[in-house]
Structure formats: structure tokens, C-alpha cells
Amino acid sequence: MKGTSHFVIGAASGLIVSNIVHTEMANTLLFVGLGAVAGLIPDIDIDGKLSNKITISHKIIRMAACFIGFLLIIYSFLEENETSKWVGIAFGFGIIILSSFIKQRHMLTITGSAVLIVGFSLAEIWLWLLGIYIIVASIIPHRSYTHSILGIIFFGVISYQFELSIGINGVFTCCMAGYISHLLADMKMLPFNKRGVKFFLPFSKHEF
């Protein structure tokens, strides 16, 4: 199923939850937005359609790394200490060389690492857990663990901590409804899905 459809279904899930818990208008809009985002989250894995949309181009990171490496070489060259000079120049060239190996698929890992660091710095449990989720998603195949019961449980922990953080009742249910709606919409029982969902990974690879 296309991302637009998951977005709409997730938003609808959020709206339903908001009606069930009788939220005010402002929170209703929040629930619709959260449901829509949660409905897209499972496709954040490495080959999913969402991964490239939430990350900046790897070319920008390459350019930045080359620039930093170049500055380090120039700075080290001006150093009076011979040992520091050659070590700095070597590190500068090392950064430039390593930057050439950065691919777009690595950007999701970098993004997850950044979210993890920000989460720790802000002491927000849900945020650094989300960082871990993104990092794991960046190294697993599409429609694997993010589309399984393990993925549901892990995202459930994130959603629960997020509700505790912002103090709005129903946020956990809203996020879970959006996330689960994605998996249900990807099931093979629907005629437009050629592939199904492996709910019981790693114990079973059977697609539902």
C-alpha cells in the first residue's frame, strides 16, 4: 500500500481515538496528526519509502565532511609541532576519504543517532527510544521487524513514554492505532498487496 494511503488511514485512526476519549478541538487535531505519523512509521526501515524523506541528502554530509577535513589539514599544516602537524593532516585526509563511502542508506542511521543524542541531552525517554528504533530500522530489511509484533511492542513503549511526557490522555492509544493500522493495511489478505506481514518474526517468517 502507498504511503499516502497509510497516512490517511492513520489520520482516520487518530480521529476515531479522539472521538472515543472525547478530546477538545486542539487535541483532536493533535491526535489526527499523531495517527497519520504513526501510520507511516513502520515504513521507516532501510528500503521503506519513508526513510529517504526524513533524512537529508548524503551529498550534503559528504561536502561537510570534506570541508571539515580540508580545514583540519590547513590548520594542522600551520602547526609548529611536527608530530601534531602530521597527525592532524593524516586525520584530515582520513575524514575526506571516509566521506566518499557515505551513502544515502547510511543517512537513516545518522538520523537515528542524532535523535538518540538529543533524547539523552533532553532527558526524554521516548525520544532516545525513538532514536534506537530508527537506528534498528536502518539496518533491517523492509517489512521485517518494524512490521511485526516486536515492532508493535517497541513502538508501544515509545508511545507510552511520549504520553507520560506530554501528559495528554489517549496519546498512547492514538499512536498505537495509527501504527497497527499500517500493519493491517499491509496484510496479504487484501487483494492489492502482493506481500504480507511477518507478524511473528523472528520465530516465523510466515506472511499474513
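Give me the residue from segment 1-31 that is within 25 Å of the chain's Cα centre (by Cα) and assigned to a loop (DSSP other than H, G, I, E, B) and, out of that set, farthest from residue 197 (Cα to Cα).
Filtering segment 1-31 for residues that are within 25 Å of the chain's Cα centre (by Cα) and assigned to a loop (DSSP other than H, G, I, E, B), the one farthest from residue 197 (Cα to Cα) comes out as 2.
So which residues in segment 135-145 are among the β-branched types (Val, Ile, Thr) and at pLDDT below 90, if there are any at all?
139, 140
I need the full set of residues from segment 104-139 which are surrounded by fewer than 16 Cβ atoms within 10 Å (Cβ to Cβ) and of a type in the set (A, V, I, L, M, F, W, C), in order please.
Matches in segment 104-139: 114, 117, 118, 120, 122, 123, 139.
Can you report the number of residues in segment 72-89 which are free of Cβ contacts under 8 Å to residues at least 12 places away in the same chain and either touching a Phe, Trp or Tyr at 6+ places or on another chain (Cβ under 8 Å) or within 24 Å of residue 106 (Cα to Cα) (or both)?
Total meeting the criteria: 1.
Kindly check whether there is at least one residue in segment 117-124 that is in contact (Cβ under 8 Å) with a residue 24 or more places away in the chain and either in contact with a Ser or Thr (Cβ under 9 Å, 6 or more places away or on another chain) or more than 25 Å from residue 62 (Cα to Cα) (or both).
yes
If only one of 39, 10, 14 is under 30 Å from residue 158 (Cβ atoms), in contact with a Cys (Cβ under 9 Å, 6 or more places away or on another chain) and modelled with pLDDT of 90 or more, which one is it?
On inspection, the qualifying residue turns out to be 14.
May I ask you to list pairs of residues, at least six apart or on different chains, whose Cβ atoms are under 8 Å apart, with the first in segment 147-158 being part of a helix (DSSP H, G or I) and the second being modelled with pLDDT of 95 or more and β-branched (Val, Ile, Thr)?
Taking only residues 6 or more apart or on different chains, the pairs are 152/180.
The values are calculated or read from the model by the stated rules, or taken from the named source; none is laboratory data. Note that the structure is a prediction, hence the values are computed from the model and not measured. All Cβ positions, even for glycine, are placed from backbone atoms using ideal geometry, and neighbour counts span all protein chains on display.
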